[in-house]
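To start, the structure itself, in structure tokens.
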Amino acid sequence: MSITLADVEAAAERIRGQAVETPLIESPALNERLGRRVLIKPETLQRVGAFKFRGAYNRLVQLTPEERTRGVVAFSSGNHAQGVALAAKLLGIPAVIVMPDDAPSVKVEGTRGYGAEIRFYNRLTGKTREEISAEIAAERGAVVVPAFDDPHIAAGQGTVGLEMVRQAQARGDTLGTVIAPISGGGLLAGIATAVKALSPQTAIVGVEPAGYDDTLQSLQKGERVTVKPGAPSLCDALQSPFPGEITFPVMLKTVADVATVTDAEVTEAMRYAFSVLKLVVEPGGATGLAALLAGKVQPYGEGATGLVLSGGNVDPDLFARVIRGEL
């Protein structure tokens, strides 16, 4: 099952009035440093502090009355968890979220604050989050809401790209390149679907953390590759070991390149975002900026570079250490 521009446009209508249409902003200082124009989409300003609310709401609002009564279950290290929890709260749907026991406390607290029930698991021992979620769904008759491998989720995330193109056009600009982070591919596949339909000449570039370059390896091989989890990355939101079954074919057709960034490059980007852009960006959300600052993404064609800062939910203690240069 694939997604189309029509799916993304329908999602945009469903989330209208619920999700924030985040602005497209420009920093003269960043432009000067990079020698190119960059138009920034700060999804840090989205509800729950990340783009994930878009896809979650688009998925949950389409549930039948019976499905809403039985509730939903999702698994996530944080941003999808919060997106589903808030969407469920707004729609009056019971929600259970399966989260790793090492999830950032700010994301755990946010998820709990929206009224969801949390089940913790250990990433390295025992049952997987998928197994736990399936058991809960079977017990309660709940609907499983995947983090990325669902056409409604990906279509909702694609509204980021839809807005970017239309906002750029309203400014009289074109987008030569659009850069966004990759975990399982829901965001990038959704963005690519919308952007390539509206602006076929725009190149789509994804960014992954070093050691979790499953999408890069998959695109190089032409089939889905699973990477073995290595040392934990600061980018907790981007540690998916494989691209999605639904999202990968979209990325295979539309993605021009994938860059990888180190934790050191990510922390430098977080410091830059804070000191120059005046934005708080979480590690996973800063990967695109990290790739640009490290010179890892070449300009494609004519037009500005669109950059998605996908989330701002970072643990306060971790953020303080990053800003002080301790990491």
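The values are calculated or read from the model by the stated rules, or taken from the named source; none is laboratory data. On a predicted model such as this, the values are computed, not experimentally measured, just so you know. Don't worry about glycine lacking a Cβ; one is built from the backbone with ideal geometry, like all the others, and counts go over all protein chains shown. Areas reflect the complete protein model, heavy atoms only, side chains present, ligands, DNA and RNA absent. Shrake-Rupley method; radii C 1.70, N 1.55, O 1.52, S 1.80 Å.
Brief remarks on what is shown
- Secondary structure note: in the chain, about 10% of the DSSP beta bridges are antiparallel.
- Peptide packing: for 149-155, 60-66, the average count of neighbouring Cβ atoms within 10 Å per residue gives the ranking 149-155, 60-66, highest mean first.
- Pairs with C-alpha atoms separated by more than 24 Å, drawn from the list K41/K278; K253/K296; K89/K278; K52/K196; K221/K296; K107/K196, are K89/K278; K107/K196.
- Annotation: per residue accessible area for the chain equals 39 Å², rounded to a whole number [probe 1.4 Å, protein chains only].
- Modelled spin-label separation between L327 and T69, with each label point placed 7 Å from Cα along the Cα-to-Cβ direction: 4.5 nm.
- When the chain is treated as a Gaussian network with alpha carbon springs shorter than 10 Å, the biggest mean-square fluctuation among K41, K52, K127 belongs to K127.
- Take the Cα of D102, step 7 Å toward its Cβ, do the same at E13, and the gap between the two points is 4.5 nm.
- Rounded if a/c under 1.5, otherwise prolate or oblate - the range 105-176, Cα gyration tensor axes: prolate
- Summarising the strand pairing of the range 4-120, around 20 percent of its internal DSSP beta bridges are antiparallel.
- Shape of the range 1-131, Cα gyration tensor, a/c cut at 1.5: oblate
- Residue among P283, P243, P28 with the largest mean-square fluctuation in a Gaussian network model of the chain, springs linking Cα atoms under 10 Å: P28
- Under 5 Å from the amide H of V144 lie the amide H atoms of V73, each residue being 5 or more positions distant or on a separate chain, with H modelled from the backbone and absent for Pro and chain starts.
- ³J(HN,Hα), Karplus 6.51/-1.76/1.60, whole Hz, each residue of the range 113-119, x for Gly, Pro: x, 8, x, 7, 7, 10, 10
- Considering helices alone, the calculated mean residue ellipticity of the chain at 222 nm is -12500 deg cm²/dmol, with DSSP H runs of length four and up weighted by -39500 (n - 2.57) and normalised per residue.
- A simple rule links phi to the HN-Hα coupling: the Karplus curve 6.51 cos²θ - 1.76 cosθ + 1.60 with θ = phi - 60°, which for the range 209-225 gives x, 4, x, 10, 8, 5, 5, 4, 5, 5, 5, 5, 8, x, 8, 5, 10 Hz, with x for Gly and Pro.
- Working note: Debye formula, equal point scatterers on the alpha-carbon atoms of the chain, no solvent; log10 I(q)/I(0) at q = 0.07, 0.12 Å⁻¹ is -0.24, -0.75.
- Chain lengthening between E109 and D317 when straightened (0.36 nm per residue, less Cα-Cα): 73.4 nm
- Euclidean distance of C-alpha centroids, the range 24-64 and the range 224-272, integer Å: 17
- Protection proxy ranking of 221-229, 167-175 - average other beta-carbon atoms within 10 Å, highest first: 167-175, 221-229
- Selected from L90, L309, L124 as most flexible by GNM, with the chain as the system and alpha-carbon contacts under 10 Å: L124
- Annotation for E32 and V276: the two label points, set 7 Å from Cα along the Cα-Cβ direction, are 1.0 nm apart.
- In order along the range 241-253, the phi-based Karplus estimate (6.51 cos²θ - 1.76 cosθ + 1.60, θ = phi - 60°) of 3J(HN,Hα) comes to x, 7, x, x, 5, 7, 6, 4, x, 5, 5, 4, 7 Hz; Gly and Pro are listed as x.
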